[in-house]
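Here's the structure, in structure tokens; my notes come after.
FYI, it's all coordinate maths here, none of it is from the lab. This is a predicted model, so every value here is computed, not measured. Here Cβ is always computed from backbone atoms with ideal geometry, including for glycine, and neighbour counts include all displayed protein chains.
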């Protein structure tokens, strides 16, 4: 098929992950003619290879762990038996259900869906190599989409350590994990950020022997030090081996049909060779900025990501970028709100604010869960900000005791001079749900006094935020 010209669009969004489809739907709601382009299914990494399938796995693992402790609540059951094939099938059903819903929203919002690999050809033109009717990449020729504005939302991919090439069998990435047909007996996980600790939780709760290896002095190194220390204690108590300040020898990795052997040891200490069924490389992701036509524009990149301003504008007028390719927080919900910021800027909304990464919640779904927003204590000290802290354990919260899960705490950091809430950090049951109140507090510039003076229903886990907020001034009622 020869290249041809499409109808003109007000906006073309290149990439249909959470950030891309959120931007496309909002733009259509605001009356723009929108095309959404992706060579894969709508939903991107988050829906098909990230947030949703991994959390489905974690939900099954958490249930198995809770059943093991059912006797604590007076319920006698046997040892749970995990049928991994059924767990994986349920995971896939969850993904399919959400994907089906997203496809219907494309129609509902009157967005034009174009399946194929897109690239810029100058600032206002996107050339799409179309998929064939059977989905074969490139089999449908090319289509040219011309638009007033373009939003780039091409996401990211897994990456590995230099010299370490995952083979999908013994040396795997998070993508490969989702293709497993059986559980290993043992696994080493290199990298203890969000992905690493989530898979450490999953595999441990499924009965796998887990060793977690981190080069830095702390696991979940972007979180508050108190949170990191609490997670190490929890993991260690549960039987997960945690190695920090670890030196991992890439050249020492050896794999065969039966196992993978690695050489690892503490900084300045003796390295040992260890053997596992699987080695998971979880050291982060790389932005997809290659082969999307950036060279045909004035767009600038730095350290592997696209440079944007607070309204997600690139250096090329009328071209915006959002999501992992701009190097913000690399989180799906952040990408979605970056997309909304870009769209409202495009339509000239006078009330759109510049994007504030400090006011974005972070969520990690290990067991116990972690969630946070704003600054850590370490960041406050580094920025010479005065601060005071309120910290309350879940052991002081009735609903946590009732539920039998009372590990962890909530911590609120406040500026004693201005009253500003500087940071909120939670580790414990349903932390990723509880952080929503803190997000609203940041949006409304609520002080710790205002959070503490808000009535929290009793008995609920949400009381921990009220108690921590009151503890900032030494006025917690239940601790």
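Annotations
- Dividing the helix sum by the residues of the chain, where each DSSP H run of 4 or more adds -39500 (n - 2.57), gives a mean residue ellipticity at 222 nm of -9000 deg cm²/dmol.
- Per principal axis, descending, Cα span of region 368-471 in whole Å: 40, 25, 20
- Mean projected area in nm² (Cα convex hull; one quarter of hull surface) for the chain: 25.3 nm²
- Region 171-283: antiparallel DSSP beta bridges as a percent of all, rounded to 5: 45 percent
- When region 18-86 is reduced to its Cα atoms, the Kirkwood hydrodynamic radius in Å: 15.5 Å
- Along each principal axis, Cα extent of region 5-155, largest first, Å: 67, 34, 24
- Highest average first, the peptides 173-181, 125-133, 161-169, 10-18 ordered by how many other beta carbon atoms sit within 10 Å of their residues are 10-18, 125-133, 173-181, 161-169.
- Our summary gives region 368-471 a relative contact order of 33 percent, counting only alpha carbon pairs under 8 angstrom and 6 or more residues apart.
- Kirkwood hydrodynamic radius computed over region 346-405 comes to 15.4 Å, based on all pairs of distinct alpha carbons.
- Projected area averaged over orientations for region 171-283, convex hull of C-alpha atoms, nm²: 6.9 nm²
- In terms of other Cβ atoms within 10 Å, 159, 119 run from fewest to most in the order 159, 119.
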